[in-house]
Each structure stands twice: as C-alpha cells, then as structure tokens.
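As structure tokens, the structure follows; a few thoughts come after it.
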Amino acid sequence: MIDLKEILKNSNYKKETEELINIANLAYKHWETYWTGFNSTYICEEILKDFENLNDFKFFIYGGFSSSQRSRIACFRGDNIPEEDVLKSNFPAQGIKIYGNFLFDNATQDDFRSLLIENGLNEVKLGDIWTIGDRGAQGIIDDLDIEHLDEKNFFLRDVKVKINLIDIDELQIPSGRKKKLVNTVEASTRLDAIASAGFRISRTKIIERLENGMLKLNGNKVNKPTINLKIGDILELENKGFIEILNLEITKRERWKVKLLRK
C-alpha cells in the first residue's frame, strides 16, 4: 500500500493527491481500475510526478477527448494494465447539452458550470464545458447521480434552458489544439502581457477573463494581471488551452524575450 503521509508531505495539491492515493489502494486491493474526480489537466499531470517511481501502479489521464482541459486519472495495478481503448470506452462520464437562446444575454463557460453546480453537481463531477455560439453549451460530466438533470428546464439568469444527457460521441467536441512554440518580445513579464501574447487575444480580454475566474496560474485561479511570471509557470485559459513559460531572457534594451509552448 502507498504511504499516505510520505507522499502528502511535499504535495502542493494535498486534497487531489489524497484522493489518488485512496483509489490507488483500492486498485491494488481489488485488481480493478478506479478513477479520480475531474481536475485541471495541469494538476493531474503535476500530482502524478510524485507517483512516477511507484512501479506497482500505473496511471492514465483522460477527460473525454484528447485536448481536454479538465481530466480524470485512472489508476490500475502495474501487473494488470488495461488497453488504452478499453480505458476510453469505459470512461465514467456522460455528455451534456444545455439549450438556450443567449443572443441577447451572452453567457460564458463559467456561467454554465455555475448553473450545474447550483443544481447539485460538485466541481469534481464537471469536466470541460464549452459554448455553442449563442445557443447554449455542451460538456462532459460524471455519469453518477445526474438523472435529475435530464430533460429538465432551468434558468440561467433570465434565460430558460433545457438540459439533455447524451453519449460523449454525440457531442460537438472542440477542435484539438496542436502544440506550438511562440516567441515574443514584451516590455515586462507581467501575466497580462504574456497571456495576451500566448493566447493571441487582447490584454483587455485577458483582464475580463481574469475577473470572471477563467484564467489559472499553475492550477490556481488568479485575479491580478500584474503578477510577474517565471520559467516553468503554466497559464490555463478556459476553452483556450495552456501556455508554458519555457524561457525568459532580458535584452540589452531591457525588454524580455519570451519563449512559450502553447498546448
């Protein structure tokens, strides 16, 4: 069994790490695959670094599609490894459609996520949520205890919406993002400057997303555009993926050469 105290001691994500330890113990005992709840894909990758030397266990990160920003971790014994196709086909999640006319009352992914939380879903039951123009949203959620949502009507602000549960393969999955190197020169290493360059959107829109809780730094929500970033930091923007700071170098003119990996 895994020594809980030893692994938790230096973890930056104690709650998520403890959950993974608990399911790993179950996987070892019962010779079955167990899944964590949904977390940022970045956090999933980070906490697995503490488990990489444990040969008795193997892990698989998946969120329903290849470029998902929120994922679950599957854990299974190192001597009982399932095929990747089997893991994906048995992924414990369900597709969801939220229909509504938002032409005159625009809504964000965070608005739809809040709607689901207000109606009984815990954050760890929610995978990616993405908007479908002005007609609502789609997403991926845990497949347990969600029957009360199917075919039901709710209100998001003043807009009436209807929720349908569907198979994941019926969803309009967002187009995948390929990894891309981005080189830019900025006046500073401020979060808003680098996020704007990396995600290719204006600083004004970056600040709007900061205020709406849609931007995370190293897995945590931030609200200060003036934070100075460092090599190794990872920014996550909802529905836009991730950017990793690969290098920062001051120039003779006291500007910053920035190298980013967008993924």
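Regarding region 101-110, can at least one residue be identified that is at pLDDT 95 or above, outside any helix (DSSP H, G or I), surrounded by 17 or more Cβ atoms within 10 Å (Cβ to Cβ) and hydrophobic (A, V, I, L, M, F, W, C)?
No, every residue in region 101-110 fails to be at pLDDT 95 or above, outside any helix (DSSP H, G or I), surrounded by 17 or more Cβ atoms within 10 Å (Cβ to Cβ) and hydrophobic (A, V, I, L, M, F, W, C).
Being surrounded by fewer than 17 Cβ atoms within 10 Å (Cβ to Cβ), aliphatic (A, V, I, L, M) and assigned by TED's automatic domain parsing to the domain that holds residue 101 narrows it down to one of 166, 231, so name that one.
Selected residue: 166, the only one of 166, 231 that is surrounded by fewer than 17 Cβ atoms within 10 Å (Cβ to Cβ), aliphatic (A, V, I, L, M) and assigned by TED's automatic domain parsing to the domain that holds residue 101.
Name every residue in region 74-108 that is among the polar types (S, T, N, Q) and either free of Cβ contacts under 8 Å to residues at least 60 places away in the same chain or in contact with a Gly (Cβ under 8 Å, 6 or more places away or on another chain) (or both), in order of residue number.
Restricting attention to region 74-108, the residues satisfying the condition of being among the polar types (S, T, N, Q) are 80, 89-90, 94, 101, 106, 108.
Residues satisfying the conditions are 80, 89, 90, 101, 106.
Going through 85, 50, 79 one at a time, which residue ends up being assigned to a helix (DSSP H, G or I), outside the structural domain of residue 147 (by TED's automatic domain parsing) and surrounded by fewer than 19 Cβ atoms within 10 Å (Cβ to Cβ)? Don't jump to the end; show me each part of the working.
On the way: 50 fails: surrounded by fewer than 19 Cβ atoms within 10 Å (Cβ to Cβ); 79 fails: assigned to a helix (DSSP H, G or I).
That would be 85, the only listed residue that is assigned to a helix (DSSP H, G or I), outside the structural domain of residue 147 (by TED's automatic domain parsing) and surrounded by fewer than 19 Cβ atoms within 10 Å (Cβ to Cβ).
For residues in region 53-76 being surrounded by fewer than 19 Cβ atoms within 10 Å (Cβ to Cβ) and among the aliphatic types (A, V, I, L, M), which is nearest to residue 161 (Cα to Cα)?
Selected residue: 61.
Looking for whichever is modelled with pLDDT of 90 or more and touching a Ser or Thr at 6+ places or on another chain (Cβ under 8 Å) here; the options are 190, 200. Which one fits? Steps first, answer last, please.
Details: 200 fails: touching a Ser or Thr at 6+ places or on another chain (Cβ under 8 Å).
Among 190, 200, only 190 is modelled with pLDDT of 90 or more and touching a Ser or Thr at 6+ places or on another chain (Cβ under 8 Å).
Restrict the check to region 28-37 and report whether at least one residue is surrounded by 14 or more Cβ atoms within 10 Å (Cβ to Cβ) and either hydrophobic (A, V, I, L, M, F, W, C) or assigned to a strand (DSSP E or B) (or both).
So far as region 28-37 goes, yes, one or more of its residues are surrounded by 14 or more Cβ atoms within 10 Å (Cβ to Cβ) and either hydrophobic (A, V, I, L, M, F, W, C) or assigned to a strand (DSSP E or B) (or both).
Select from region 122-149 the residues that are in a loop (DSSP other than H, G, I, E, B) and surrounded by 13 or more Cβ atoms within 10 Å (Cβ to Cβ) and list them in ascending order. Give the derivation first.
Kept after step one, since they are in a loop (DSSP other than H, G, I, E, B), are these residues of region 122-149: 122, 132-135, 143-146.
Once the filter is applied, which keeps residues that are in a loop (DSSP other than H, G, I, E, B) and surrounded by 13 or more Cβ atoms within 10 Å (Cβ to Cβ), region 122-149 yields 132, 134, 135, 143, 146.
Please verify whether residue 6 is at pLDDT below 95 and closer than 22 Å to residue 234 by Cα, treating the condition exactly as stated.
Criteria not met by residue 6.
So if I check each of 247, 183, which one is among the polar types (S, T, N, Q), surrounded by fewer than 16 Cβ atoms within 10 Å (Cβ to Cβ) and free of Cβ contacts under 8 Å to residues at least 40 places away in the same chain? Even if it seems obvious, please write down each step before you answer.
Details: 183 fails: free of Cβ contacts under 8 Å to residues at least 40 places away in the same chain.
Unique residue meeting the criteria: 247.
Give region 250-262 a look and list any residue that's exposed (fewer than 15 other Cβ atoms within 10 Å of the Cβ) and either of a type in the set (Lys, Arg) or within 19 Å of residue 214 (Cβ to Cβ) (or both), or say none. Walk me through it before giving the result.
Residues of region 250-262 exposed (fewer than 15 other Cβ atoms within 10 Å of the Cβ): 250-255, 257.
Scanning region 250-262 gives 252, 253, 255, 257.
The values are calculated or read from the model by the stated rules, or taken from the named source; none is laboratory data. The shown structure was predicted, so the numbers you read here are calculated from the model rather than taken from an experiment. Neighbour counts run over all protein chains shown; Cβ positions are idealised from the backbone, glycine included.
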